[in-house]
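The values are calculated or read from the model by the stated rules, or taken from the named source; none is laboratory data. Keep in mind the model is a prediction, meaning the values are calculated, not measured. Don't worry about glycine lacking a Cβ; one is built from the backbone with ideal geometry, like all the others, and counts go over all protein chains shown. The accessibility values were calculated without ligands, DNA or RNA, using every heavy atom of the protein model including side chains. Shrake-Rupley method; radii C 1.70, N 1.55, O 1.52, S 1.80 Å.
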Amino acid sequence: MSKTIAIFGFGPGLGMGTARVFGRKGFRVAVVGRRPDKAELHVKDLRAEGIEAVAFPADVTDAAQVHNTVSAIRASFGEIDVAVHGAAGNLGDRIPSTLDLDVPGLSIPMALKLHSPILMTRALAPAMIARGDGALLFSSGSTPRAPWPHLSNFGVALAAQHGYVQQLAAELNGTGVYAGVLNIGVLIGNSLAEELIDNNPELVPEGLEIVRMSNYELGEHYWRMYVDRDSASVDIGFPE
């Protein structure tokens, strides 16, 4: 029987790349995105490649919508075997200096990168634990090894998410359920961020080298995390 991957915060970069990798390995794909029109376009592209996919429009920062979406996915596909949280903020919401960061500036990043991952986990982890199998995968644009002050408000939220996932992974140890975060230090091909930076290169902090990676290659990193399950935190693209 086919397995199901649900990608929360689906976009043309991380979401599409990961969907293609898992879809080509026999997974059905639940496309969870805020905009129904975009979600349906992604589904159309996946189906054209022979991948079974269905759109489930939802705001992944809204608890009721996350709960209802998980119920809808289960009604269509059965239990969710793998969940990826890929929601990301807009560069326009980033405060460019940690010294300029204030408490209100944390509201959007914390909703996207801490509160929403918690909502996804609470909706899915109990059933995964009961089955003794499952994977909860998360995304980050920073690494604890190399703080980037220019990330400012998002950097703080990503650090909080990293701590949450590490605690989650430790508690899930021995249950058959894996949790891990992919710390992404590259510009993802076909992503909205790539399009924005290509059109507005001045948004890149001076001296920061931009490394690029195709969205499919990024998806392969998530596949290896799912298969290997040997680390709760994986870095790609950051300087050694």
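Values computed for the structure shown
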| quantity | calculated |
| --- | --- |
| Condition check for Val156: open to solvent by 30 Å² or more (accessible area, probe 1.4 Å) and either β-branched (Val, Ile, Thr) or touching a His at 6+ places or on another chain (Cβ under 9 Å) (or both) | yes |
| In region 159-181, residue nearest to the chain's Cα centre (by Cα) [restricted to those that are in contact (Cβ under 8 Å) with a residue 24 or more places away in the chain, surrounded by 18 or more Cβ atoms within 10 Å (Cβ to Cβ) and under 30 Å from Glu206 (Cβ atoms)] | Val181 |
| Selected residue (only one of Ala53, Ala63, Ala83, Ala87 is among the small types (Gly, Ala, Ser), closer than 27 Å to Ser152 by Cβ and surrounded by 22 or more Cβ atoms within 10 Å (Cβ to Cβ)) | Ala87 |
| Met110 vs. criteria of a type in the set (A, V, I, L, M, F, W, C), under 20 Å from the mean Cα position of the chain (by Cα) and either closer than 26 Å to Asp230 by Cβ or open to solvent by 60 Å² or more (accessible area, probe 1.4 Å) (or both) | no |
| Test for Leu41: is it touching a Ser or Thr at 6+ places or on another chain (Cβ under 7 Å) and either of a type outside the set (Val, Ile, Thr) or crowded, with 16+ Cβ neighbours inside 10 Å (or both) | no |
| Residue match in region 143-153 (condition: of a type in the set (Gly, Ala, Ser) and in contact with a Pro (Cβ under 9 Å, 6 or more places away or on another chain)) | yes |
| Cross-chain or 6+ apart pairs with Cβ under 6 Å, region 17-33 first and at positive phi, then not in a strand (DSSP E or B) | Gly26/Ser2 |
